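The block underneath contains the structure these notes are about, expressed in structure tokens.
The values are calculated or read from the model by the stated rules, or taken from the named source; none is laboratory data. The shown structure was predicted, so the numbers you read here are calculated from the model rather than taken from an experiment. We place every Cβ from the backbone using ideal geometry, glycine too, and count neighbours over all the protein chains shown. All accessible areas refer to the heavy atoms of the entire protein, side chains included, with ligands and DNA or RNA removed. Shrake-Rupley method; radii C 1.70, N 1.55, O 1.52, S 1.80 Å.
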Amino acid sequence: MILAVGLPYAALLAFFVGIGYRVLSWSRAPVPFRIPTTCGQQKSLPWIKASWLENPYTTAGAVARVASEVLVFRSLLRNHRPERLGSRLVYSPSGWLWLGALAFHWSFLIVLLRHLRLFLQPTPRWVLALQSLDGFFQAGMPVVYATDAILLVALLYLLGRRLAQAQLRYLSLPSDYFALGLLLALAGSGILMRYFARVNIVEIKRYALGLATMSPALPSDAGALFYFHVATLSLLLAWFPFSKLMHMGGSFLSPTRNLANNSRMKRHVNPWNPAVELHTYEQFEDEFRDKMRTAGIPLEKQ
Amino acid sequence: MRDQPIILAGLAVFLVIASFPFWYNAATLRAAARPALQLPPGKQCVAPVKYMKAYHMRMLDSWRDQVVRTGVRRYTSPGGKTYDISLTGTCLSQCHQDRAKFCDRCHSYVGVRAAYCWDCHNSPGNAVRTAR
């Protein structure tokens with residue numbers, strides 16, 4: 001009971017509080033100047049074509065750039081791999097990371113949304129529609145979801161990529177493998193429960209619905225595999241805010257992406273600059289007018 | 001700094017979306033009760049109930065393959081009884097006459113479309129209805 005009910009609630013609390021804490025602390029970080037990455041022609045003279053997306057000079061452009069980053073991971077398309085071509089070192093674009101990341105993230109989102117059928121009563125129509133779209137190929141019984149297969153393949157690719165390339169192996173940290181391993185355990189146990197060691201889904205829904213309505217009830221006949229699934233999910237949720245997975249929130253708050261490059265059009269004053277005491281030329285002349293006049297220096301005001 | 005209100009708004013939107021199940025269920029006010037099924041009185045299912053709850057779709061799938069591909073039309077249950085392999089003739093006629101009070105209860109509870117079983121298999125008394 002403590003494991004099956006306390007753990008998910010504690011993990012969810014850690015997830016929400018952790019994300020709130022991280023984002024709030026980021027929101028307090030000073031961003032005094034415009035520091036966008038400028039990958040295209042900036043806005044200047046009217047007859048020079050400006051690149052509104054690569055070097056956004058309006059808020060709309062910056063929003064579009066962040067959106068393209070969040071939705072289709074545009075900067076991953078610029079991933080280049082150094083290769084030796086004879087005696088030369090060439091950098092050729094490599095789209096595999098982009099494809100793997102895109103496949104993983106979108107499948108994971110759809111899998112997550114599909115799980116809403118267990119947490120919502122009645123199940124909304126759009127969840128059912130998503131589910132039947134996902135099972136479009138109607139292969140096997142129960143129907144194999146396309147996202148289940150894509151998710152697993154993408155995760156294995158992302159893991160294999162870290163293991164196969166020497167440079168990446170050198171760069172990879174234990175936390176990178178931990179994230180992939182956790183996601184693989186989560187997806188693997190879910191796939192096992194759907195296609196191989198099946199569980200009584202009615203009891204699972206009663207349990208999930210109980211969690212969502214704050215009246216927890218244990219499933220009567222769930223096995224170790226189900227509790228493993230819940231435990232890995234809880235671990236993922238609890239660990240999320242304190243890991244690199246926070247790029248979910250961070251990608252919106254990256255100042256090199258979300259600022260418009262309008263430094264030449266708008267003056268940005270650092271808000272905590274100390275007040276600078278100015279001594280203008282007029283004041284200087286007022287102060288030394290007599291001396292300047294005797295020395296024969298030309299004056300603005302006589 | 002100046003962007004703090006925007007960031008807080010974004011965070012609030014995320015928290016509202018992420019906690020969707022909590023307030024959705026609170027709004028619809030449905031209790032998390034098991035669906036009530038109309039069980040045939042005093043009858044033994046073709047396999048243990050615990051197995052059927054998790055694997056009935058597998059069994060029906062293999063039944064279809066047996067009949068259509070290998071021509072095997074008799075099934076021997078773990079208890080030793082034999083049955084005709086037929087969803088309409090055995091399951092729906094002899095025990096679960098009213099699909100709406102048995103199959104559909106759980107299927108709509110967990111949001112499972114019954115693939116394409118119902119496109120053909122309607123027990124005699126049942127009006128044809130759309131699969132859900």
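From A:GLY18, A:GLY6, A:GLY95, grab the single residue that is of a type outside the set (A, V, I, L, M, F, W, C), open to solvent by less than 60 Å² (accessible area, probe 1.4 Å) and modelled with pLDDT of 95 or more. Walk me through it before giving the result.
Details: A:GLY6 fails: modelled with pLDDT of 95 or more; A:GLY95 fails: modelled with pLDDT of 95 or more.
A:GLY18 is the lone residue from the list that is of a type outside the set (A, V, I, L, M, F, W, C), open to solvent by less than 60 Å² (accessible area, probe 1.4 Å) and modelled with pLDDT of 95 or more.
Take the residues of the stretch A:197-224 that are under 18 Å from B:TYR51 (Cβ atoms) and within 7 Å of another protein chain (Cβ to nearest Cβ): which is farthest from the chain's Cα centre (by Cα)?
If we take residues in the stretch A:197-224 being under 18 Å from B:TYR51 (Cβ atoms) and within 7 Å of another protein chain (Cβ to nearest Cβ), then A:ASP221 is farthest from the chain's Cα centre (by Cα).
Looking at the stretch A:15-41 only, could you name the residues that are in contact with a Pro (Cβ under 6 Å, 6 or more places away or on another chain) and over 23 Å from A:SER234 (Cβ atoms)?
The initial filter retains those residues of the stretch A:15-41 that are in contact with a Pro (Cβ under 6 Å, 6 or more places away or on another chain), namely A:18-19, A:22, A:31, A:35.
A:VAL31, A:ILE35 - these are the residues of the stretch A:15-41 that are in contact with a Pro (Cβ under 6 Å, 6 or more places away or on another chain) and over 23 Å from A:SER234 (Cβ atoms).
For the subset of the stretch A:21-47 comprising residues that are open to solvent by 90 Å² or more (accessible area, probe 1.4 Å) and under 25 Å from B:PHE14 (Cβ atoms), which member is modelled with the lowest pLDDT?
Across the stretch A:21-47, the extreme among qualifying residues is A:ARG28.
Does A:LYS266 satisfy being part of a loop (DSSP other than H, G, I, E, B) and open to solvent by 70 Å² or more (accessible area, probe 1.4 Å)?
On the way: part of a loop (DSSP other than H, G, I, E, B): yes; open to solvent by 70 Å² or more (accessible area, probe 1.4 Å): yes.
For A:LYS266, the condition - part of a loop (DSSP other than H, G, I, E, B) and open to solvent by 70 Å² or more (accessible area, probe 1.4 Å) - is met.
Does any residue of the stretch A:110-119 turn out to be at pLDDT below 90, of a type in the set (Val, Ile, Thr) and under 30 Å from A:GLY210 (Cβ atoms)?
First, pick out the residues of the stretch A:110-119 that are at pLDDT below 90: none.
No: the stretch A:110-119 contains no residue that is at pLDDT below 90, of a type in the set (Val, Ile, Thr) and under 30 Å from A:GLY210 (Cβ atoms).
Inside the stretch A:91-195, counting only helices (runs of 4 or more DSSP H) that do not spill past its ends, which hold 1 or more residues that are within 12 Å of chain B (Cβ to nearest Cβ), among the basic types (Lys, Arg) and in contact with a Leu (Cβ under 8 Å, 6 or more places away or on another chain)?
Numbers: elements: A:96-114, A:116-119, A:125-134, A:146-164, A:166-171, A:174-191.
Passing ranges, in order: A:96-114, A:116-119.
Identify the single condition in (1) at pLDDT 95 or above; (2) surrounded by fewer than 15 Cβ atoms within 10 Å (Cβ to Cβ); (3) among the hydroxyl-bearing types (Ser, Thr, Tyr); (4) closer than 30 Å to B:LEU60 by Cα that A:TYR177 does not satisfy, given that it satisfies every other one.
(4)
Against the definition (out of contact with any Asp or Glu (no Cβ under 9 Å at 6 or more places or on another chain), at the interface with another protein chain (Cβ under 7 Å from one of its Cβ atoms) and modelled with pLDDT of 90 or more), how does B:GLY10 come out, yes or no?
yes
Hey, could you check the stretch B:75-123 for residues that are hydroxyl-bearing (Ser, Thr, Tyr) and assigned to a loop (DSSP other than H, G, I, E, B) and say which is most open to solvent (accessible area, probe 1.4 Å)? Break it down stepwise before answering.
Residues of the stretch B:75-123 that are hydroxyl-bearing (Ser, Thr, Tyr), as a first pass: B:75-77, B:82-83, B:86, B:88, B:90, B:93, B:108-109, B:116, B:123.
Still in the list and also assigned to a loop (DSSP other than H, G, I, E, B): B:77, B:86, B:116, B:123.
On the way: B:SER77: 14, B:SER86: 36, B:TYR116: 78, B:SER123: 4 Å².
Top of the filtered list is B:TYR116.
Which condition number in (1) within 11 Å of chain A (Cβ to nearest Cβ); (2) outside any helix (DSSP H, G or I) is the one that B:LEU15 fails?
Unmet for B:LEU15, out of (1) within 11 Å of chain A (Cβ to nearest Cβ); (2) outside any helix (DSSP H, G or I): (2).
Go through the stretch B:28-61 and give me each residue that's within 9 Å of another protein chain (Cβ to nearest Cβ) and part of a helix (DSSP H, G or I).
Listed by number, the residues that qualify are B:THR28, B:LYS50, B:LYS53, B:ALA54, B:TYR55, B:MET57, B:ARG58, B:LEU60, B:ASP61.
Please go through (1) open to solvent by 60 Å² or more (accessible area, probe 1.4 Å); (2) among the hydroxyl-bearing types (Ser, Thr, Tyr); (3) closer than 30 Å to A:ALA166 by Cα for A:SER75 and return the number of the only condition it doesn't satisfy.
That leaves (1) as the condition not met.
Do the conditions hold for B:SER108, that is, is it within 15 Å of the chain's Cα centre (by Cα) and either of a type in the set (Ser, Thr, Tyr) or modelled with pLDDT under 85 (or both)? Quick ask: steps written out before the conclusion?
Details: within 15 Å of the chain's Cα centre (by Cα): yes; either of a type in the set (Ser, Thr, Tyr) or modelled with pLDDT under 85 (or both): yes.
Yes.
Of (1) of a type in the set (A, V, I, L, M, F, W, C); (2) over 23 Å from A:ALA14 (Cβ atoms); (3) open to solvent by 90 Å² or more (accessible area, probe 1.4 Å), A:PHE228 satisfies all except one. Which?
Looking at each condition in turn, A:PHE228 falls short on (2).
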